[in-house]
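Please read the structure below before turning to the comments.
Derivation of every value follows stated rules applied to the coordinates shown; laboratory data play no part. Fair warning: this is a prediction, and the values are worked out from it, not measured in the lab. Glycine gets a Cβ as well: all are built from the backbone with ideal geometry, and neighbour counts include every protein chain shown.
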Amino acid sequence: MTTSENYKQQAAEFAVQFVEPGMVIGLGVGSTAIHALNRIAARYAEGLLPGLLAVPCSLSIETAALAAGIPLTTLEDHPTLDLTIDGADEIDPHLNLIKGGGGALLREKIVAQASAREIIVADASKQSAVLGQRWPLPVEVLPFGWGAQVAFLESLGATVQLRRATDGRIITTDQSNYVLDANFGPMSAPAELAAILDARAGILAHGLFIGLATDLISAGPDGIKHIQRSAG
């Protein structure tokens, strides 16, 4: 296991201590969140989490959770979740996030908004002074008229790429939508940009998660750090 992967595992397994018996939780997507899923599955198998139910944020995580023996439910049966453990691509000092590198941004945001507590797990390299320094912004769009969304994002100052596989095939989400990776560079006002994107027909989701993360658990050379977002 690489040093980075070890840090991811440390952060994820630390976060699992907040999962309690009888909780309904969200299972996030990504290379860090999968460590949390594996630890949750182990604790459930040991009988330490009776009554646990989980809502997966993607079809791949649903498959992994079922294979690991974690009992699943839906937001229709449990519209409010106790907590979600998820990863992030970039994190600013206010715990605002860029997410969506794995293409599950719409489901991840739905689950985050349904969660009383959103715990983000990451290695220390994911933290930035300003969002957009390290990662382009994923934007999920309807295939119909996607070119118009490219032009719209470009009018806001972004350099835009339609997400494709290495063989040139267009990558689609679990909802069969496209993902545009919009590079805005460092964002001075991410909340304002999020509001503009929210208002655009044809944009179904974007990777700016503003005010949704309640906790950040990061691991790095200085150990594990747990930061909670202030009420302000």
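Let me have the relative contact order for segment 49-188, percent, based on Cα pairs under 8 Å that are six or more residues apart. List each step's numbers first, then the result.
Numbers: 218 pairs, mean separation 31.3, N = 140.
For segment 49-188, the relative contact order is 22 percent.
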Query raised in the report: Dipole size in debye (nearest 20) for segment 76-229 around its Cα centre, Lys and Arg Cβ +1, Asp and Glu Cβ -1?
Result: 280
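Let's see if you can work this out: charge +1 on each Lys and Arg Cβ, -1 on each Asp and Glu Cβ, no other charges. What is the dipole magnitude of segment 3-63 about its Cα centre, in debye to the nearest 20?
40
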Report summary line: Simple SL model, points at 7 angstrom along Cα→Cβ for S176 and R117; separation in nm is 3.9
**Report entry** Signed unit charges on C-beta, dipole axis of segment 137-202, positive-most listed residue L137, A194, Q161
**Finding:** Q161
Query raised in the report: Considering only the chain, what is the antiparallel percent among its DSSP beta bridges, to the nearest 5?
Result: 55
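Based on the Cβ-Cβ distance of D222 and L156, what FRET efficiency does E = 1/(1 + (r/R0)^6) give at R0 = 41 Å, to the nearest 0.05? Mind dumping the intermediate values first?
Working: r = 37 Å, r/R0 = 0.90.
The formula returns an efficiency of 0.65 here.
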Query - Dipole magnitude (debye, nearest 20) for segment 137-202, charges at Cβ of Lys, Arg, Asp, Glu - result: 160
Requested in this report: Quote the relative contact order of segment 116-178 in percent (integer), defining contacts as alpha-carbon pairs under 8 Å separated by 6+ residues.
Outcome: 28
Report task. Count neighbours as other Cβ atoms within 10 Å of each site's Cβ, and list the trypsin sites (Lys or Arg not before Pro) in segment 150-190 that are DSSP loop with at most 16 such neighbours. Result -> R169
Query raised in the report: Around A11, what is the net charge, scoring Lys/Arg as +1 and Asp/Glu as -1 over all other residues with Cβ under 14 Å from its Cβ?
Result: -2
Report summary line: The Cα extents of segment 137-202 along the principal axes, largest first and rounded to whole Å, are 35, 23, 20
**Report entry** Positive minus negative residues near N183 (Lys, Arg vs Asp, Glu; Cβ under 14 Å)
**Finding:** -2
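When only DSSP loop residues count, what GluC sites (Glu not before Pro) in segment 30-130 have their Cβ near at most 15 other Cβ atoms within 10 Å? Display every interim value, and only then the final one.
Numbers: sites: E46, E62, E76, E90, E108, E118; in loops: E46, E76.
Answer by residue number: E46, E76.
Hey, what number do you get for the chain at 222 nm if only DSSP H runs of n ≥ 4 count, each worth -39500 (n - 2.57), divided across all residues, to the nearest 500?
Computed ellipticity for the chain at 222 nm equals -8500 deg cm²/dmol.
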Query - Relative contact order (percent, whole number), segment 56-127, Cα cutoff 8 Å, 6+ residue spacing - result: 38
